[in-house]
Structure formats: structure tokens, C-alpha cells
Amino acid sequence: MNRKYRCIAFASRVAFVVLFALNVHPLTAHALDRTQLAVIINTWDPLSVQIGEYYAEKRGILFQNIIRIGFSPGKGAMTSKEFDALRAWVNEKTFPDVQAYALTWAAPYRVECMSITSAFAFGFDPAYCADDCRPTRPSRYFDSTVKLPFNQLGMRLTMSIAATSFEHAKEVIDHGVQADGSAPSGTAYLLSTSDDARNVRSGFYPLTEKVARGRLRVKQVKQDALRGATDVLFYFTGLANVDGLESLRFLPGAIADHLTSSGGALTESSVGGQMRALRWLEAGATGSYGTVAEPCNFTQKFPHPAVVIGNYLRGDTLIEAYWKSVAMPGQGIFIGEPLAAPFRKAQTTH
């Protein structure tokens, strides 16, 4: 994470596209629902079974959309050969109307060079990886108006309900369900930090404030840590480690992440001294994101704050808004409760 991102022309084009899209699209969205989500459970992992069964009950997942597989749990990485066999089984069991998957484990979090959520979405493909500081194949879902990603693009959005204990998983799930239709009066905190290499998203903050104007409070803050806030709905920052999380109150449906190289190494105690994305969920957020392999500080490989906030406010579920916000998601893992939809009308949530 020590090379300065130089693709200014790309960043400017993205800013124009985001403003154009969010101005011409209606302020409501046809979001995915429980009938379009399949839950994948690893039957060899008792925690995965517990998480999957609880989630299926809370969200009323159709019985035919509960897919059970079996593999040795606990490893951080899976080979492409192992993964291809599992995905083939999952594809065979998946009904055509399913547009998204919810995984129910924290490990494995990657398939060789890809995150496991991107591998399930696209299939394993080295084009979505990078051995050094290079861009990867982009996602056609980025900042799109696509309503049915599998039918229209041949991909199924994937998010992991990742946790190292059932108690933490239950909190994330419960917060997601509580969020539905709540239209929370929260704040988006956009932190500009002293870490120049990881602070590259701060250039998007003025655009983010424009997108949210009149619908959401936005605070741009020049400091390394947020402390004591009780209304956190969004928190975007760029640091290897984020202090003060224990002092915050995240509202149900909150999204938070930090731009760093190894946040997606979910079950590692520490990779280069960097905080795991899982810490955001443990602190009370409902969704987060981190990269599983060195991305350098390409902004395209991390969530664009204006895109995720804009689409969430339009009524998208968490999984839709988050996936739309990453232009090159091959190396990044999405974690949290997929169907949380704070800004969708309550009668249509599930």
C-alpha cells in the first residue's frame, strides 16, 4: 500500500458517472428480497450450520434456497480446484430465480488470489487478481441500474455472514433485520487521515456530500479516529488500524470500512499489523469490506462512498449497494447481513 494512485482521469470519470446516474435514476429502487437469496451452509462446520439456520429462520429463506455443502473448515484459503468443485455443486442446486448468495463462514475468505465472495459471484478467474500494482478485470455491476444481476449479467452477488462466534453473527443478523424500513436519522462520517497512501478516497468526499444532501447528515472530519459518536450509519476511512470503535454506536444497517491492504484476511490475528474488517461487525456495523490480497491503493478496488450511500438511500439492500460501489471487486470480500434495507419501504422488506 505504498504506491500513489495516479489514475486521476479515471477518478474524475467515475465522479461524473456517479453524479449523472444518481441524478437521473429515481429515488426508489426495486431491491432484492428473501426469495432471491440462497444461503450456503458448510455442514462440516458447526458454526456455519448455526449461523445459516438462524439466518434462514430470521429472514424466512425458502427451504429450496438453503444449500448445504461440505468441506474442511478453518483454512483461510482454498485452491481453485477445490472451489470449482464446490461451486459446481452449488450451481446445480441453485434455482434460476436466485440472484445472490449468503455464505455462512469467515474462513475460507479467499480462493487463491480472489476473495471467496467474488469467486462465487464471477467464478474463479485470475483476471480478477493482480500479482503487483495493476488493475484487474472490472465488474459490470459497478454503479449500474441492474435489478437482476444473475438474469442480466450472469453473476450472483455474494456476501459472507462472517463471524468467529455465533453471538457476533446473531448480532449482525439481528441488526440487519432491525434496519429494514427504519429510515434511520444517522450520520455518514468521512474521515481524512494522516496516512497519505490509505487516504486516497478522501477525494470522493465532496461528491459524497452532494449525493447525500437533504437526505443524510454528512460530516467530513480531518482526524485519524472517531470517538463517542452515537449515530453512525456510515464510516469510511483509510488507516491500517482504526482506534475508538468501542466508543461508537452503530445504527442498525450501518456500513463501515477502512482502506488498507489486508482487511479481508478475516481469521488472521494480524497481517502486517492491519485491522481485520471483521472488527467493524464486532463493533456493531452491519456490513463491511476488506481486501484479501495486496490491492495497492487503487480506489477502484475499494467501496466508493458516494455510490454505496447513494444506492442505499434509494432503497437497495446492503448487498446491492455495496457491490455496486466497487469497480474492481475481485480481491475484496463483502461481509455482513445481505438483505438489510434501511431505506426501503417497510411493507416490502421481506
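Identify, please: which residue in the stretch 270-293 is surrounded by fewer than 24 Cβ atoms within 10 Å (Cβ to Cβ) and part of a loop (DSSP other than H, G, I, E, B) and is, among those, modelled with the lowest pLDDT? If we take residues in the stretch 270-293 being surrounded by fewer than 24 Cβ atoms within 10 Å (Cβ to Cβ) and part of a loop (DSSP other than H, G, I, E, B), then SER270 is modelled with the lowest pLDDT. Selection of the stretch 187-220 for residues being surrounded by fewer than 16 Cβ atoms within 10 Å (Cβ to Cβ) and touching a strand residue (DSSP E or B) at 6+ places or on another chain (Cβ under 7 Å) yields ARG217, LYS219, GLN220.
Filtered by the rule that a residue be surrounded by fewer than 24 Cβ atoms within 10 Å (Cβ to Cβ) and either farther than 21 Å from THR299 by Cβ or not hydroxyl-bearing (Ser, Thr, Tyr) (or both), the stretch 243-269 gives ASP243, GLY244, LEU245, GLU246, SER247, LEU248, ARG249, LEU251, PRO252, THR267, GLU268, SER269. For the stretch 107-124, residues that are free of Cβ contacts under 8 Å to residues at least 40 places away in the same chain and not in a helix (DSSP H, G or I) total 4. In the set (1) closer than 30 Å to VAL307 by Cβ; (2) of a type outside the set (Lys, Arg); (3) in a strand (DSSP E or B), the condition left unmet by ILE41 is number (1).
Please state which one of ALA127, ALA163, ALA121 is over 20 Å from ASP316 (Cβ atoms) and crowded, with 21+ Cβ neighbours inside 10 Å. Of the residues listed, the single one that is over 20 Å from ASP316 (Cβ atoms) and crowded, with 21+ Cβ neighbours inside 10 Å is ALA163. Do we have GLU167 as without any contact (Cβ under 8 Å) to a residue 12 or more places away in the chain, closer than 29 Å to LYS58 by Cβ and more than 20 Å from the chain's Cα centre (by Cα) here? Against the criterion (without any contact (Cβ under 8 Å) to a residue 12 or more places away in the chain, closer than 29 Å to LYS58 by Cβ and more than 20 Å from the chain's Cα centre (by Cα)), GLU167 qualifies. Taken over the stretch 317-347, the criterion of being surrounded by 24 or more Cβ atoms within 10 Å (Cβ to Cβ) and not in a loop (DSSP other than H, G, I, E, B) is satisfied by LEU318, ILE319, GLU320, ALA321, TYR322, TRP323, LYS324, GLY332, ILE333, PHE334, ILE335, GLY336. Within the stretch 252-279, the residues that satisfy the criterion of being charged (D, E, K, R) and under 16 Å from the mean Cα position of the chain (by Cα) are ASP257, ARG276, ARG279. Of all the criteria given as (1) farther than 19 Å from GLU320 by Cα; (2) in contact with a Leu (Cβ under 6 Å, 6 or more places away or on another chain); (3) in contact (Cβ under 8 Å) with a residue 60 or more places away in the chain; (4) buried (at least 20 other Cβ atoms within 10 Å of the Cβ), the one not satisfied by VAL172 is (1). THR79 meets the conditions (1) over 15 Å from ALA163 (Cβ atoms); (2) surrounded by 14 or more Cβ atoms within 10 Å (Cβ to Cβ); (3) in contact (Cβ under 8 Å) with a residue 24 or more places away in the chain; (4) under 23 Å from the mean Cα position of the chain (by Cα) in every case but one. The failed one is (2).
Residues that are in contact with a Gly (Cβ under 9 Å, 6 or more places away or on another chain) and at pLDDT 95 or above occur at least once in the stretch 130-137.
The values are calculated or read from the model by the stated rules, or taken from the named source; none is laboratory data. Note that this is a predicted model, so its numbers are computed, not measured. A quick note on method: Cβ atoms are made from the backbone with ideal geometry, for glycine too, and the neighbour counts reach across all protein chains shown.
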